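These notes concern the structure reproduced below.
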Amino acid sequence: MPRTGPRIKSPDQLVAESGADLEGHGLKRTIGPFQLVCFGIGAIVGTGIFVGLSDTVAEAGPAVIVSFVLAALTCIFTAFSFAELGGAIPVSGSSYSYTYASLGERTAFLVGWCLLLEYGVSVSAVAIGWGQYLNELLEHTIGLRIPDAFAAAPGHGGIVNIPAVVVMLLAAVLLVRGVRESARATAAMAVIKVGILVLFCAVAFTAYQAGNLTPFAPAGIGGIGAGASLAFFSFIGFDAISTAGEEVKNPRRNIPLAILVTIGCVALIYCLVSVAALGAMPWEQVGGKPAALSLIVNHATGSAFGSTVIALGAVVAIASVVLAVMYGQTRILMSMARDGLMPKVFERVSPKTSTPVANTWIVAVVFAVPAAVVPLDVVLDMTVIGTLAVMAVVNICVIALRRSRPDLQRRFRVPLFPVAPLLGVGFSLYLMYGLPLMTWIQFAVFVAVGLVLYSVYGRRRSRLGRAEEAAADGADGSGPAHEEPADDGTPSPAVRAGQAG
């Protein structure tokens, strides 16, 4: 009998195929809880606060503090959902795998497609911001600057953004060397940048003047909402923790713990930074200015030394985000390739380094192109809308999976269920509403392209679909009852799941 509902892959099958309760598909469990929290902070704290703060201030004024709180609430409710799903289904696919287990293959493919915006396109946005602070650092230390022609995108005074390409290639080199080396580097960089942000707050509070926070909301509620949509970019990346599901020690415990600890730490840091920044300098002088944190430190100290330290912190911070987010993108593509929804090259793991080498280089080269030639604001809006759409779906996944699999082992459960995930959906849609119409149009086209790709490629090559067709042929006597191996010579997912059981 032909299938009438969506193709859904059970959580047990996802875990069995990935070997997530064992050793994984050639991946090694080398990441502990502290490194995982540092990885989360490394994936979040970067361009959004060091570069994007000034754009958020330009929209909301001193009420940017409220914008950050709204963005943090959206992330906190969704973080609860990621924590429950990450502990219940500890695999590398993150949102894509959770959707496959609850809403079906077509929706999962579209989520994976949108994750190209959250991870792939966002890594381009992060890399673009790196060049601004690299120039700041070079100018204050050795008196040199990279010419604008080679440090900015066309239309913004440049021809090609070479620093953006360089930082992505350097991240790829580190990632292909091994996850242990990448985790250590990310942990070190996370400690450095948090320390520098704390130092920034200490310096900025010495120049704090309450009068700088009035009028508090010059653009009204609309400005706060628009600012929250931009501020949300500063929180993107916490879900990258769940993409490490197959390389984390004791993932069912450590993934939920790391997600919640990371969000709490980052939300606190951002609120302190925004209060310190706008208390130290009138918002009109901060809004829209590049390298805003350096500008504020210079104003507070009356010298350029402080901005040199901030620039160093930003260079380290943004590089660590590139590293962590690129890691997340490669693991999601690996999971989709295992299911037959992406080409097989993305699932190949080097036996020498236990990393997806070809996958990593493809991601680095492909997304270096928009980093080199696309302005930051265009890339940023598409990243935000894609991420918010994915987060809305993840909250729905929690509700769907609670109903379909109440027996599933869950080390962490969303509090105030189902109110919390519904609020997560509501906040996500509210922030999406605050984005420009052109961003919605671009996103609609992007999703339409994803639907076409699934119809002409993913649905036909799906390994789950092939397994179901083979089983149906065997049941009605029109074909062999056993399942054929995948076209690359490896056993199909269902066969591997049976072997694991």
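Out of Leu293, Leu312, I need the residue that is of a type outside the set (Gly, Ala, Ser) and surrounded by 20 or more Cβ atoms within 10 Å (Cβ to Cβ). Which one?
Working: Leu312 fails: surrounded by 20 or more Cβ atoms within 10 Å (Cβ to Cβ).
That would be Leu293, the only listed residue that is of a type outside the set (Gly, Ala, Ser) and surrounded by 20 or more Cβ atoms within 10 Å (Cβ to Cβ).
With the requirement that a residue be without any contact (Cβ under 8 Å) to a residue 60 or more places away in the chain and β-branched (Val, Ile, Thr), what does the stretch 139-196 give you?
Listed by number, the residues that qualify are Ile142, Ile146, Ile159, Val166, Val173.
Please tell me if Gly129 is farther than 30 Å from Ala467 by Cβ and crowded, with 24+ Cβ neighbours inside 10 Å.
yes
Can you tell me which residues in the stretch 103-113 are over 20 Å from Ala444 (Cα atoms) and either among the aliphatic types (A, V, I, L, M) or under 21 Å from the mean Cα position of the chain (by Cα) (or both)?
Selection gives Leu103 alone.
Could you grab me the full set of residues in the stretch 179-205 that are touching a Ser or Thr at 6+ places or on another chain (Cβ under 8 Å) and either among the polar types (S, T, N, Q) or assigned to a loop (DSSP other than H, G, I, E, B) (or both)?
Thr186
Let's see how each residue does on (1) part of a helix (DSSP H, G or I); (2) touching a strand residue (DSSP E or B) at 6+ places or on another chain (Cβ under 6 Å); (3) buried (at least 20 other Cβ atoms within 10 Å of the Cβ):
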{"position": "Val261", "(1), (2), (3)": "yes, no, no"}
{"position": "Cys271", "(1), (2), (3)": "yes, no, no"}
{"position": "Ser303", "(1), (2), (3)": "no, no, no"}
{"position": "Arg331", "(1), (2), (3)": "yes, no, yes"}
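Being in contact with a helix residue (DSSP H, G or I) (Cβ under 6 Å, 6 or more places away or on another chain) and either on the phi > 0 side of the Ramachandran plot or not in a loop (DSSP other than H, G, I, E, B) (or both) is the filter here; which residues of the stretch 395-410 pass it?
Asn395, Cys397, Val398, Ile399, Ala400, Leu401
State which residue pairs qualify: first residue in contact (Cβ under 8 Å) with a residue 60 or more places away in the chain and inside the stretch 401-421, second residue not aliphatic (A, V, I, L, M) and not in a helix (DSSP H, G or I) in any location, beta carbons under 6 Å apart, and separation of 6 or more residues or different chains.
none
Any idea which residue in the stretch 138-178 is nearest to Val363 (Cα to Cα), counting only those that are in contact with a Ser or Thr (Cβ under 6 Å, 6 or more places away or on another chain) and not in a loop (DSSP other than H, G, I, E, B)?
Ala172
Restricting the stretch 263-298 to residues that are within 23 Å of the chain's Cα centre (by Cα) and of a type in the set (Gly, Ala, Ser), which is nearest to Val45 (Cα to Cα)?
Ala267
Restricting the stretch 8-43 to residues that are of a type outside the set (S, T, N, Q), at pLDDT below 85 and in contact with a Gly (Cβ under 7 Å, 6 or more places away or on another chain), which is surrounded by the most Cβ atoms within 10 Å (Cβ to Cβ)?
Out of the qualifying residues, it is Ala43.
Could you check how many residues of the stretch 248-259 are surrounded by 24 or more Cβ atoms within 10 Å (Cβ to Cβ) and either at positive phi or touching a Ser or Thr at 6+ places or on another chain (Cβ under 8 Å) (or both)?
Going through the stretch 248-259 one residue at a time, the tally reaches 2.
Of the numbered conditions (1) under 24 Å from Phe39 (Cα atoms); (2) in a helix (DSSP H, G or I), Thr353 fails exactly one; give the number of that condition.
Going through the list (1) under 24 Å from Phe39 (Cα atoms); (2) in a helix (DSSP H, G or I), Thr353 breaks only (2).
Given the residues Ala324, Ala358, Ala364, Ala319, which is the only one that is assigned to a helix (DSSP H, G or I) and either of a type in the set (Lys, Arg) or without any contact (Cβ under 8 Å) to a residue 40 or more places away in the chain (or both)? Show your work before the answer.
Details: Ala324 fails: either of a type in the set (Lys, Arg) or without any contact (Cβ under 8 Å) to a residue 40 or more places away in the chain (or both); Ala364 fails: either of a type in the set (Lys, Arg) or without any contact (Cβ under 8 Å) to a residue 40 or more places away in the chain (or both); Ala319 fails: either of a type in the set (Lys, Arg) or without any contact (Cβ under 8 Å) to a residue 40 or more places away in the chain (or both).
After applying the criteria, what remains is Ala358.
Within 30 Å of Trp283 (Cβ to Cβ), of a type in the set (Phe, Trp, Tyr) and not in a loop (DSSP other than H, G, I, E, B): is that true of Trp130 in this structure?
Answer is yes for this residue.
Return yes when Leu295 is farther than 16 Å from Ala58 by Cβ and either at pLDDT below 90 or in contact with a His (Cβ under 8 Å, 6 or more places away or on another chain) (or both) and no when it is not.
no
Anything in the stretch 167-194 that is at pLDDT below 90 and either of a type in the set (Asp, Glu) or surrounded by fewer than 18 Cβ atoms within 10 Å (Cβ to Cβ) (or both)? List them, or say none.
Hits for the stretch 167-194 are Arg177, Gly178, Arg180, Glu181, Arg184, Ala188, Val191, Ile192.
Does Glu118 satisfy the criteria of being assigned to a helix (DSSP H, G or I), acidic (Asp, Glu) and within 16 Å of the chain's Cα centre (by Cα)?
So Glu118 fits the description; yes.
Collect the residues in the stretch 89-113 that are in a helix (DSSP H, G or I) and surrounded by fewer than 24 Cβ atoms within 10 Å (Cβ to Cβ), keeping them in residue-number order.
Those that are in a helix (DSSP H, G or I) and surrounded by fewer than 24 Cβ atoms within 10 Å (Cβ to Cβ): Glu105, Arg106, Thr107, Leu110, Trp113.
The values are calculated or read from the model by the stated rules, or taken from the named source; none is laboratory data. The structure displayed is predicted, hence computed values, not measured ones. Neighbour counts are summed over all protein chains in view; Cβ atoms, including those assigned to glycine, are modelled from backbone coordinates with ideal geometry.
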